[in-house]
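K.L.:
Quick one: the structure is below, and I'll ask about it shortly.
Computed from the coordinates by the stated procedures, all read-outs in this text should not be read as laboratory data. In this text the structure is predicted, and so the values were computed from the model without any measurement. FYI the Cβ positions are ideal-geometry reconstructions off the backbone, even for glycines, and counts take in every protein chain you see.
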């Protein structure tokens, strides 16, 4: 006698129906999720800047006329703004990286406790560090803007 039993198949993963919005929009998540996204973007931006800087520096091999023309192009106001964007990415990525290192090393997490429901989150322990470092980043960005645009 054969019994027709369907074996339970493993649940298939749902496709990402949100696309890029699902990568950027964090929904009801906290500020740490948005900082994570900005950390990724600033890292990619700094890598792109590094590659462009290598190409730009390599233009010295094309001769003095090519180098002088390239440097004259970089004096345009658009490049001043882009230079400030690179500066902002560097400041944010650096300070957020310090925050991530402190968190990963276990600082600002509090004492370990038994995992008893309702679980206590350590977010309240390291969130003040987040606000202090992002406040410092804002201050450095304001000081940098005054140096970039008003000197």
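K.L.:
Quick one: compute a quarter of the convex hull surface over the Cα atoms of region 15-151 and quote it in nm².
P.N.:
Result: 12.9 nm².
K.L.:
Within a 10 angstrom radius of the beta carbon, how do 124, 80, 111 rank from fewest other beta carbons to most?
P.N.:
111, 124, 80
K.L.:
Using r as the Cβ-Cβ distance of residue 100 and residue 139, and R0 as 25 Å, what FRET efficiency do you calculate, to the nearest 0.05?
P.N.:
0.80
K.L.:
So what is the relative contact order of region 30-149, in percent, for Cα pairs below 8 Å that sit 6 or more residues apart?
P.N.:
Rounded, it is 30 percent for region 30-149.
K.L.:
Then there's this: Residue 51 to residue 121: FRET efficiency via 1/(1 + (r/R0)^6), r the Cβ-Cβ distance, R0 35 Å, to the nearest 0.05?
P.N.:
The pair residue 51/residue 121 has a calculated efficiency of 0.35.
K.L.:
Classify region 39-107: rounded, prolate or oblate, from the alpha-carbon gyration tensor (a ≥ b ≥ c, eigenvalue square roots; a/c under 1.5 rounded; otherwise prolate if a/b is larger than b/c)?
P.N.:
It is prolate, given that a/c is not under 1.5 and a/b is the larger ratio.
K.L.:
Here's another thing I want to ask about it. Using the beta-carbon distance between residue 148 and residue 34 and R0 = 41 Å, what value does 1/(1 + (r/R0)^6) give for FRET efficiency, to the nearest 0.05?
P.N.:
0.95
K.L.:
Let me ask something else. Arrange 42, 151 by Cβ neighbour counts within 10 Å, fewest through most, would you?
P.N.:
Fewest-to-most Cβ neighbours within 10 Å comes out as 151, 42.
K.L.:
Continuing with the same structure: How many percent of all Cα-Cα pairs in region 70-151 sit more than 20 Å apart?
P.N.:
52
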